[in-house]
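Each remark here refers to the structure printed beneath this line.
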Amino acid sequence: MDGRCEINPDVECAWHMIVDRLTKFGALDRLENIYPPKDWSRKQGGGPRKIVREDQQK
Amino acid sequence: MLEGGGFAVTAECGPPKGANPDVVLKKAEMLRNKVDAVNVTDNQTAIVRMSSIAACSLLKTAGLDPVLQMVVRDRNRIALQSDILGASALGIRNVLCLSGDHHIFGNQPQAMGVFDLDSIQFVQVVRTMRDEGKILGGDGLSQPPDFFIGAAANPFADPFDFRVIRLAKKIRAGADFIQTQCIYNLDRFERWIGMARDRGITDKAYILGGVTPLKSPGMAKYMKNKVSGMDIPDEIIKRMEGVPKDKQREEGINICVETIQRLRGVPGIKGVHIMAIEWEEVVGEIVERAGLLPRPVFD
């Protein structure tokens, strides 16, 4: 409320900042899109991670 | 009720902080024949209570039409989809898809907040399950769940201009009905619903205005200052303070009845949702005084 986070008033409201910024860019319509659920498979309990460094491959 | 074009009345039943089914059944008797459907809250304000599905099932068995509230705070997509199927199997026919109050406000602040899906994605998941018989990822269901899908809207949170965009998005995701945050600031509410009408949104879903009778000026101040997204004008607080202590509850009911009467005249509003918090016994009086009894009967 009033631009502050409802969890902790010391923190600015992230959504308020997002909306203000997108309004400034004239891109508020991006928030009208419905985004698909996030892919969490690489987060936290996703198991060991593997990165292939293509620049290191022979 | 809504599809029949009538002015709907719903109420709320908070499950007990305990395992006794009689508490739910007692509230059911207070609400019987007074309202068309009864929302059952899902661990509201992040306080552990009897599960919403279980309490809905008790209400259903008692012959009421429950509205299952489900928050995405406590369950991931596996549990949410599974519970949707289970609830449908139990004969529950309405679901209200919510984010849920942050767990820091409740009695389990150390809990892990799940928020795997957000409330809009959840609405869309339930719609896809119902209309296409598919879960996330595309696997088919042997029988789709059967639900009237709802979502919440808060006309009073900031930033104001964004509220209608978010409402439109929830309806596009699949919400058949909308229940709003408690309304005390009718001027702001009418501006909001006006913006929604201008966008043609009020024709696409049934919007029910939320009301909560105040018990005391203290409750009004608490809600104004401590409950996020609440807008209680100073006139309302002054009005509550302006009556003797033994008349305050009555004044709270008066304000609530007046709000409902004004909402009945607002184009685009298809009903009211009365959230009498731990005060279910007063719902019948409010509905009666608002001129909304008897409730029509449907098969």
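None of the figures in this text is laboratory data; all of them are computed from the coordinates on show. Since this is a predicted model, take the numbers as computed values, not measurements. In this analysis, Cβ positions are derived from the backbone assuming ideal geometry, glycine residues included, and neighbour counts consider all displayed protein chains.
Count charges around B:Arg295 for me, please; just the other residues with Cβ under 12 Å from its Cβ, Lys/Arg as +1, Asp/Glu as -1. With Lys, Arg at +1 and Asp, Glu at -1, the neighbours total -1. Shielding value for A:4-11 is 2, the average number of Cβ atoms from other chains within 10 Å of each residue's Cβ. Kirkwood hydrodynamic radius of the range B:8-289, from the reciprocal of the average inverse Cα-Cα distance over all distinct pairs: 19.3 Å. Relative to the longest principal axis of the Cα atoms of chain B, the long axis of helix B:77-89 makes an angle of roughly 80 degrees.
Counting every Cα pair in chain A, what percent are over 12 Å apart? Within chain A, distances greater than 12 Å cover 78 percent of Cα pairs. Between amide H atoms placed 1.01 Å from N, distances below 5 Å from B:Ile178 occur with B:Ala151, B:Tyr206, B:Ile207, B:Leu208, all of them 5 or more places distant or on a separate chain. Net charge in the neighbourhood of A:Arg42 (other residues with Cβ under 12 Å of its Cβ; Lys, Arg +1, Asp, Glu -1) is +3. Taking the helices alone, the protein assembly as shown has a mean residue ellipticity at 222 nm of -11000 deg cm²/dmol, built from -39,500 (n - 2.57) per DSSP H run of at least 4 residues and averaged over all its residues. Could you please report the charge total around A:Leu31, scoring K, R as +1 and D, E as -1 over all other residues with beta-carbon less than 15 angstrom from its beta-carbon? Counting the neighbours of A:Leu31, the net charge comes to +3.
Using equal-weight Cα scatterers in the Debye expression, the normalised intensity of the protein assembly as shown in log10 at q = 0.08, 0.12, 0.13 Å⁻¹ is -0.41, -0.93, -1.10.
Normalised by 2.2 N^0.38 Å, where N is the number of residues, the C-alpha radius of gyration of the range B:1-104 stands at 1.05. Across the range B:87-145, Cα-Cα pairs more than 19 Å apart make up 44 percent of the total.
For the Cα atoms of chain A, what angle does the longest principal axis make with the long axis of helix A:14-25, in degrees from 0 to 90, nearest 10? That works out to roughly 80 degrees.
Here the protein assembly as shown is assigned +1 on the Cβ of each Lys and Arg and -1 on the Cβ of each Asp and Glu. Its dipole about the Cα centre then comes out at about 700 debye. Out of the DSSP beta bridges found with both residues in chain B, what percent are antiparallel (nearest 5)? Taking every DSSP beta bridge within chain B, about 5 percent pair in antiparallel fashion. Relative to the longest principal axis of the Cα atoms of chain B, the long axis of helix B:217-226 makes an angle of roughly 40 degrees.
Legend: mean number of C-beta atoms from other chains within 10 angstrom of residue C-beta atoms, peptide A:28-39, equals 4.
Radius of gyration over Kirkwood radius for the range B:235-299, both on Cα atoms: the Rg/Rh ratio is 1.02. Take every Cα pair under 8 Å whose residues are at least 6 apart in sequence, average their separation, divide by the length of chain B, and the relative contact order is 19 percent.
Phi angles across the range B:142-152 convert, under the Karplus curve 6.51 cos²θ - 1.76 cosθ + 1.60 with θ = phi - 60°, into 3J(HN,Hα) values of 5, 8, x, x, 10, 9, 8, 9, x, 9, 9 Hz, Gly and Pro given as x.
DSSP finds beta bridges in the range B:19-162, and of those with both partners inside it, around 10 percent are antiparallel. Bridges between two residues of the protein assembly as shown, per DSSP, are antiparallel at a rate of about 5%. Assign one of three labels to the range B:195-235, namely rounded, prolate or oblate, based on the Cα gyration tensor with a ≥ b ≥ c the square roots of its eigenvalues; rounded applies when a/c is under 1.5, prolate when it is not and a/b is larger than b/c, and oblate otherwise. Because a/c hits 1.5 or more and a/b exceeds b/c, the range B:195-235 counts as prolate.
In the frame of its principal axes, the range B:169-299 has Cα extents of 46, 36, 24 Å, reported largest first.
Reported to the nearest whole Å, the Cα centre-to-centre distance from the range B:181-241 to the range B:27-98 is 24.
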